[in-house]
Amino acid sequence: MTSLYNEVAADPGADVPTRRVSISVNGEKRTVDVEPRLLLAHLLRQGLGLTGTHTGCDTTNCGACTVLFDGRPIKSCTMLAVQADGHEVETVEGLASASELHPIQEGFKECHGLQCGYCTPGMMMATKALLEKNPDPTEDEVRWALSGNLCRCTGYQNIVKSVLWAAEKMRGDEGEEA
Amino acid sequence: MSVDEIKIGGMGASRRRVEDNRFIRGKGKYVDDVVLPGMLHMEILRADVAHARIKSIDTSAAWEVPGVRLVLTGETMAARNLAWMPTLSYDTQAVLATDKVRFQGQEVAAVIADDPYIAKDACAKIVVEYESLPVIVNPDQAAAPGAALIRDDKENQPTNKIFDWEIGDKAGTDRAFEEADVISTIDLHYPRSHPSPLEPCGSIADYDRATGKLTVYMTTQAPHIIRAAVAMVAELPEHQIRIISPDLGGGFGNKVPVYPGYVISILASILTERPVKWIEDKTGNLISTGFGRDVYLQGQMALRKDGKILGMRMHTISDHGAFFSDAQPTKFKIGLMHSTFACYDVPAAHLTSTGYYTNKAPGGVAYRCSFRVTEAMFFQERMMHAAANDLGMDQAEFRRVNLVKDDMFPYRTAFGFLTDSGQYDKCMQVGMEAIGYATFKEEQEEARKRGRLLGIGISTMTEPLGAGNSREYDILGIKMFDSAELRVHMSGKAILRTGAKTQGQGHETTWAQIVAHELGIPADDIVVEEGDTDTAPFGMGTYASRSTPVAGAAVAMAARKVRAKARKIAAHLLEVSEEDIEWELGRFYVRGNHDRGVTIQDCALAAYSNMPDGMEPGLENVSYYDPPNLTWPFAAYFCKVEVDPATGVWDVLNFVAVDDCGVRINPMIVEGQVMGGLTEAYAMANMQYITFDEAGNCIGSNYMDYLLPTAWETPGFELHEVVTPCPHHPIGAKGVGECATVAGPAAFVNAVMNAIEHTGVRNIDMPLQPNRVFEALQTGQDVSGMPPVRVE
C-alpha cells in the first residue's frame, strides 16, 4: 500500500532496514514497513496519501504539520514514524464526518480564519486539542494555545475569532445533547 | 423583480470563501501534494561559503548511492547552455555554479533519485573544493576601492556597481532648499526581510518525449511569465509548455522570480524522461530565494516655518545580492521608489539611486509591495515624523497641512505620477477620533510623570497599485495588462478564468462576485479557475496588488461584453428592438412594461438554442484589460505603544487602521488582507529581518533565527473604512493587498520613537528589538542598522 518504502527495499542494490509499525490513523489501523528514519509527517503525506498535513519549516517552528498524537498536539515533522507504533494519530482528514463538518472547520470558514490554507490543518488540530481540554477559553488562552503555529496571511485575529466561534458552537451542541 | 445583489453574493457581500471548502478539509492541492506516476525526487546541494572559486566538484560517491538516477553540476548545465539564465531585470543568474559561488546557499549541484531521502543522502556525498575569495556583505564594502569583483563573469562590469539612476527636478529642488526656513534630514536602513510564505518553493517537471510537451507544476504567482521565461531559457516552443500553478501556500512576492530549482528540475525531467519533483526545504527558501528591501535611505526636506513642505531630496543605496533579479517594471531601476510623498503636496523633489552587487542571495523582490513602495513609504513617514519634530509641530497637524486636498485631484506628483482620488483628511479625522488623539498628549505627560513611556505614531500614504498601464509598465518588454475569460453555459451557470493567480487572496470567491454584480448570475453558479497556462488567458499574474485593479477590471469588462450580447438575445426573445430593452440586475425587460422580461439565464439558454438569425452562437467573452492609470488607495494608521524602560520591550496598546481602497468587493476579505498586512508590518518593525556576518553567513536561515510573529505577540487591530471609488476602474475598486504592509511599519516605529524621543534619540533602525530600544534609552543615541555589520 505504500510505494516509497517498499520501493527502497526492493532496489536490488539497497540493503535498507525497515521496521513494521501499526498506527491508528483517524480511527483506522494502518500497518506499514518503514525506514526507521522516516518522519511521521512524510509517512502520513507520501505513504498514506493524507496530504492535508503540511510541512512548512522542518524545524518544529511553524506547526503546519500538527497532528494529534493520543489526543495531544504534536509536530509530525519532528517525530519518527516508528515512534508512533501502537499509538493513535488524528489528522485534519479525520475532522469531518462524511456528511458534516466539524464545528472547528465551520468556524474557520465562517470567521475567515484562513487565506492560503497552508497553516489551516495544523491550526485546526491545535484548536481541537485546546477545546477538548478547555471548552470555554479566553482570547489569551486561545492565542497561547496556538502560539506554536505560524500563519503568514491572516494576522491571527480571525483565527482567534474562529476558535472562539467553534468553542461556542461546541458548547451549544453539547448543551443540546444533554 | 431584479435579484437581490447581496443574496446572490454580489458586490459588497461578505461572501464566505469558496476555496475554504477544500482547505478546511485538508483537500487543498499544493505542489508537494501532486504525485505523478514514476516520479523522481530532486535535491539541491548549496554552497556553504559566500564567495569562492570552485576548484573541483567530485560527484562520484553520489552516483554510487543506490536509487540515484542523475547528478547534475554546472558543467552538465553548461553543456546544454543552461548554466545561466536571464533575470527579470535584464541581468543573468547562475542556475548551477560553474566558475565560482557568489552567495551562501547558491545552487552548486543537484541529485535526482527515487525518493527524497536518497537524494539528500547522495547530495551529502558530493565533494566540492573551494578557493576562498574576499566576501562583500554590504554596499560600503562593494563600493570600496579595490573591492573584489563579484560579477567577473560579465563583460563591461569593472566594479560592483549595478546602476546609477535618477528622477525628478534637481534644479527646482535645489532652489526649494535655498528658500527653506528649516531643513530636516534623515538616514535610515530598511533591513533585508524575507517574504517567507509558509510553503517553500517547488516544482514538478514532466517532459513527455512522445508529444514534446513539458508540463510543470510550479509554485508561481505568475504562470504565464514563467511560460515565456521557460520558452526562452530552455529553448522549447511556447505551445508545448504548460505551467500549472496549483494552490499556493502564500506568495508575498517570493514566488514571482524564476528560480534555478525550477530550471534544473526541467532539465532533469528531459534527461530522465520521468517526472521530477523538487521541493525546497525552509532553509533553502530563506537563504536563496527572493528577499525584499535591504536599502539605505537618506533624505532631506526643505520646510517653511509654517509647516509647508517646499521640497525633498532622497538618495537610496540598494543591496541586490549577487544577481540583479528584482522583479519590477523595466523602466524603473529601483521600482516605484519615486512614489514616495505621492499623498503630499510637494512642489519639488529629486531622487538618486545607486545599486550594488554583494555576496548575498539575490534580493529586491516586491515583498507584499508594489515594487519598492514599502521602502518609499517608510522613508516618507519617517521623514515626515522627523520634519514635524524639527519644526516643533504636531505630527497630525503637519500631515494635514501638507496632504493633497480633495479638490486638488487629479494631482500630478513631483515625480510625475497622477493620483486621481481620495479623501485624505477625512481618513485622518476618522483615525484621530478612534485613537483618541485629542487627549493623548495629556495622557502621555501624565504617564511620563509616573515613569511610563507612551507613544503615538502616525503613518499615512497613497501607493501606486495595479501596474500598469502598458505605456509605462512592462516586464522584459511584456506589457503589464491582464485578462479574463467568461463562458456562460446554457443553464446560466458559468466558468471564469483569469491571467491572475490567487495565493490566498480569495479570487475564486471575489471574481464570481464581480460577475454576479454585472450579470445577476448568483456567485455560487460561477466557478473560477486560475493558474493553468493551457486554459487561462494570458496575464501577468498576481503581485503588486494588481489583481483587482487589472484582472478584476478584465472580469467586469468580460461580463459587460457578455451582457451586451445577452441584450441582443433578449430583444429577440421579447420581440422588440434592442433600443427598447432595459436592464436590471439579472434581467432584461421591455421599456415601459416591467413585467415583460427575460432573465440572464433565459438569454444563456437561447444563446445555445434560439439565437437570432445571423448571430454567432454561444455566450462568452475574453477580455484583455489595459488600465488607463494605476489605482491610488489611501491609508492612515495610528499606533499607540507603551515602552518598558527597564527592558526596551514595547507593547501595542491600540492600533487604528483607516483604509480607503475604493469600492470593496468583499468587505470580509478586504479586512483579512489589511489584518494580514498589518501583521507583516508589525513583524518587520519588531523582529523579522535577515542579516549576514562578515563571512557572508546568513543569520536567519531558519525559523529559530528568523523570527516571525505568532498569535501570542501579534496585537489586535481596529479597522475603519472610507470609500472613495477609483474614477477609472470599472467597478471603482483599488488595490488593497499590500497597503497595510507598506504603510504599517512606520506607524509602529514612529510610535516607539514618540515614546522615547524626549531622551534625544531620533532614530532606531528596524527591527526595533528590545535590545536596540534599550540601548537607545540607555545612551540617548540613535541605533543604526548600517555597517559595520550588526549581528544580534
Could you tell me which numbered condition residue B:701 fails, if it satisfies all but one of (1) over 23 Å from the mean Cα position of the chain (by Cα); (2) assigned by TED's automatic domain parsing to the domain that holds residue B:383; (3) of a type outside the set (Val, Ile, Thr)? (1)
Is it the case that residue B:779 is buried (at least 24 other Cβ atoms within 10 Å of the Cβ), at pLDDT 95 or above and among the β-branched types (Val, Ile, Thr)? no
Check off (1) open to solvent by 10 Å² or more (accessible area, probe 1.4 Å); (2) out of contact with any Gly (no Cβ under 6 Å at 6 or more places or on another chain); (3) not in a loop (DSSP other than H, G, I, E, B) for residue B:119 and give me the number that stays unchecked. (1)
Of the conditions (1) among the hydrophobic types (A, V, I, L, M, F, W, C); (2) touching a Ser or Thr at 6+ places or on another chain (Cβ under 9 Å); (3) farther than 14 Å from residue B:641 by Cβ, residue B:764 clears all except one; give me its number. (3)
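Residue-wise test of (1) over 30 Å from residue B:328 (Cα atoms); (2) in a loop (DSSP other than H, G, I, E, B); (3) within 14 Å of chain A (Cβ to nearest Cβ); (4) of a type in the set (D, E, K, R).
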| residue | (1), (2), (3), (4) |
| --- | --- |
| B:484 | no, no, no, no |
| B:497 | no, no, no, yes |
| B:504 | no, yes, yes, no |
| B:508 | no, no, yes, yes |
| B:511 | no, no, no, no |
| B:515 | yes, no, no, no |
| B:521 | yes, yes, no, no |
Could we say that residue B:786 is under 23 Å from residue B:387 (Cβ atoms) and not assigned by TED's automatic domain parsing to the domain that holds residue B:337 here? yes
Could you pull out the residue among B:694, B:721 that is open to solvent by 10 Å² or more (accessible area, probe 1.4 Å) and at pLDDT 95 or above? B:721
Lone qualifier among B:211, B:220, B:283 - being surrounded by fewer than 24 Cβ atoms within 10 Å (Cβ to Cβ), at pLDDT 95 or above and not in a helix (DSSP H, G or I): B:211
Looking at the structure I just gave you, is residue A:129 more than 10 Å from chain B (Cβ to nearest Cβ), among the aliphatic types (A, V, I, L, M) and over 24 Å from residue B:675 (Cβ atoms)? yes
When the residues of segment B:264-280 are filtered to those that are not in a helix (DSSP H, G or I) and not aliphatic (A, V, I, L, M), which remaining residue is most open to solvent (accessible area, probe 1.4 Å)? B:273
Any hit, segment B:288-304, residues being within 14 Å of another protein chain (Cβ to nearest Cβ) and either open to solvent by 10 Å² or more (accessible area, probe 1.4 Å) or outside any loop (DSSP other than H, G, I, E, B) (or both): yes
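Can you list the strands (runs of 3 or more DSSP E) found entirely within segment B:528-642 that contain at least 1 residues being over 40 Å from the mean Cα position of the chain (by Cα) and outside the structural domain of residue B:678 (by TED's automatic domain parsing)?
The strands (runs of 3 or more DSSP E) meeting that bar are B:581-584, B:587-590, B:593-599.
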Run residue B:664 past the list (1) open to solvent by 60 Å² or more (accessible area, probe 1.4 Å); (2) under 21 Å from the mean Cα position of the chain (by Cα); (3) among the charged types (D, E, K, R) and report the number of the one that doesn't hold. (1)
From B:112, B:57, B:136, residue being away from every other protein chain (no Cβ under 14 Å), touching a residue at least 60 places away in the same chain (Cβ under 8 Å), in contact with a Leu (Cβ under 7 Å, 6 or more places away or on another chain) and not in a helix (DSSP H, G or I): B:112
Looking only at residues in segment B:725-771 that are polar (S, T, N, Q) and over 23 Å from the mean Cα position of the chain (by Cα), which one is nearest to residue B:557 (Cα to Cα)? B:750
Given the residues B:552, B:541, which is the only one that is open to solvent by less than 10 Å² (accessible area, probe 1.4 Å) and either within 19 Å of residue B:216 (Cβ to Cβ) or within 14 Å of chain A (Cβ to nearest Cβ) (or both)? B:541
Given the criteria facing chain A (nearest Cβ under 7 Å), in a loop (DSSP other than H, G, I, E, B) and either of a type outside the set (Lys, Arg) or surrounded by 23 or more Cβ atoms within 10 Å (Cβ to Cβ) (or both), does residue B:28 qualify? yes
The residue that is nearest to the chain's Cα centre (by Cα), considering only those in segment B:201-240 that are among the polar types (S, T, N, Q) and closer than 17 Å to residue B:30 by Cβ, is B:221
Determine if segment B:241-250 includes at least one residue that is more than 23 Å from the chain's Cα centre (by Cα) and either surrounded by fewer than 24 Cβ atoms within 10 Å (Cβ to Cβ) or not assigned by TED's automatic domain parsing to the domain that holds residue B:768 (or both). yes
Scanning for something open to solvent by less than 30 Å² (accessible area, probe 1.4 Å) and in contact with a Cys (Cβ under 7 Å, 6 or more places away or on another chain), does segment B:504-514 turn up at least one residue? yes
Just for segment B:65-100: of the residues that are open to solvent by 10 Å² or more (accessible area, probe 1.4 Å), assigned to a helix (DSSP H, G or I) and of a type in the set (A, V, I, L, M, F, W, C), which one is farthest from the other protein chains (Cβ to nearest Cβ)? B:78
If I filter segment B:139-156 for residues that are touching a helix residue (DSSP H, G or I) at 6+ places or on another chain (Cβ under 7 Å), in contact (Cβ under 8 Å) with a residue 24 or more places away in the chain and more than 14 Å from chain A (Cβ to nearest Cβ), do I get at least one hit? no
Being open to solvent by less than 20 Å² (accessible area, probe 1.4 Å), facing chain B (nearest Cβ under 7 Å) and more than 22 Å from residue B:712 (Cα to Cα), is that true of even one residue in segment A:93-113? no
All but one of (1) within 14 Å of chain A (Cβ to nearest Cβ); (2) open to solvent by 20 Å² or more (accessible area, probe 1.4 Å) hold for residue B:711; which doesn't? (2)
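Hey, among B:186, B:225, which residue is assigned to a helix (DSSP H, G or I), in contact with a Gly (Cβ under 7 Å, 6 or more places away or on another chain) and touching a residue at least 24 places away in the same chain (Cβ under 8 Å)?
Unique residue meeting the criteria: B:225.
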May I ask you to list the residues in segment B:324-345 that are under 16 Å from residue B:301 (Cα atoms) and in a loop (DSSP other than H, G, I, E, B)? B:340, B:341, B:342, B:343, B:345
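The values are calculated or read from the model by the stated rules, or taken from the named source; none is laboratory data. Since the structure is predicted, the reported quantities are computational estimates derived from the model, not experimental observations. Backbone-built Cβ (ideal geometry, glycine too); neighbour counts: all protein chains shown. Accessible surface areas use protein heavy atoms only, side chains included; no ligands, DNA or RNA. Shrake-Rupley method; radii C 1.70, N 1.55, O 1.52, S 1.80 Å.
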